[in-house]
Amino acid sequence: MVFEAADDSGGTGDGARSCSHGRPVRGMGGREVDDAYAPGEAVPLRGYAVLASAYGAATALATLALRRSGRPLPAGVPPWDLLVIGTATYKVSRLVTKGKITSFLRAPFTRRQEAGGGSEVMDEPRREGAVGQAVGELLSCPFCASTWAATGLMCGYAAAPRAARLAAAGLSAVVISDWLQYAWSYTQQQVEG
């Protein structure tokens, strides 16, 4: 998006800038920016900015705490650890965003759309304020939540590798169990017709 000085052809005359298609732009997260970014959609840019700032601040605080603790950071992450932590990230993000048992975490920001397979549910974000909507989207999207989960697991790995490996291995075991449950159910359906 190219910003131009406001003028008679597309400006507002009140000092606001205009984007290349003539809509006024007042600042980050303003209604005009939201409309220019995604016309006709309710995109909570201000909420996304708040969440991105919180994520950055939490990551910076965790990094600072690790540096101040004097613990040496791991020189690298062996492939096996990366696989186990990746699998655990998958499980944490699914558990937080889709698990029936974690519905209480999502309830203030989402509403139940429908029951899913296994012990999962499908939630949708509520449209109540930019921050609330953005949090609802984060808590109902496993792809979105996986970034936060991976960061938390990696911070744990940097602070206490053995404990993080153990927790990640436990979560990975649950993923394997889930796959086996689905394989058993599928096999049983095939045999019983």
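The values are calculated or read from the model by the stated rules, or taken from the named source; none is laboratory data. Worth saying up front: this structure is predicted, and the values here are computed from it rather than measured. Here Cβ is always computed from backbone atoms with ideal geometry, including for glycine, and neighbour counts include all displayed protein chains. Surface accessibility is based on the protein's heavy atoms, side chains included, excluding ligands, DNA and RNA. Shrake-Rupley method; radii C 1.70, N 1.55, O 1.52, S 1.80 Å.
Each residue in region 111-131 was checked for being free of Cβ contacts under 8 Å to residues at least 60 places away in the same chain and of a type in the set (A, V, I, L, M), and 3 pass.
Does any residue of region 116-123 turn out to be within 23 Å of residue 56 (Cβ to Cβ) and surrounded by 20 or more Cβ atoms within 10 Å (Cβ to Cβ)?
No, region 116-123 has no match at all.
Only one of the listed residues (153, 138) is surrounded by 18 or more Cβ atoms within 10 Å (Cβ to Cβ) and touching a Cys at 6+ places or on another chain (Cβ under 8 Å). That residue is 138. Considering the conditions (1) within 20 Å of residue 160 (Cβ to Cβ); (2) at pLDDT 95 or above; (3) polar (S, T, N, Q), residue 53 is excluded by exactly one of them, (1).
Residue count for region 37-50, restricted to those that are open to solvent by less than 30 Å² (accessible area, probe 1.4 Å) and either in contact (Cβ under 8 Å) with a residue 12 or more places away in the chain or part of a helix (DSSP H, G or I) (or both): 3. Is it the case that residue 165 is over 13 Å from the mean Cα position of the chain (by Cα), among the charged types (D, E, K, R) and not in a helix (DSSP H, G or I)? So residue 165 does not fit the description; no.
Residue pairs whose Cβ atoms lie under 8 Å apart, sitting 6 or more positions apart in sequence or on different chains, and linking a residue in region 52-74 that is touching a residue at least 40 places away in the same chain (Cβ under 8 Å) and among the acidic types (Asp, Glu) to a partner that is open to solvent by less than 70 Å² (accessible area, probe 1.4 Å) and not in a helix (DSSP H, G or I), do not occur here. Within region 115-148, which residues are under 10 Å from the mean Cα position of the chain (by Cα) and assigned to a loop (DSSP other than H, G, I, E, B)? If the condition is that a residue be under 10 Å from the mean Cα position of the chain (by Cα) and assigned to a loop (DSSP other than H, G, I, E, B), then 140, 141 are the ones that fit.
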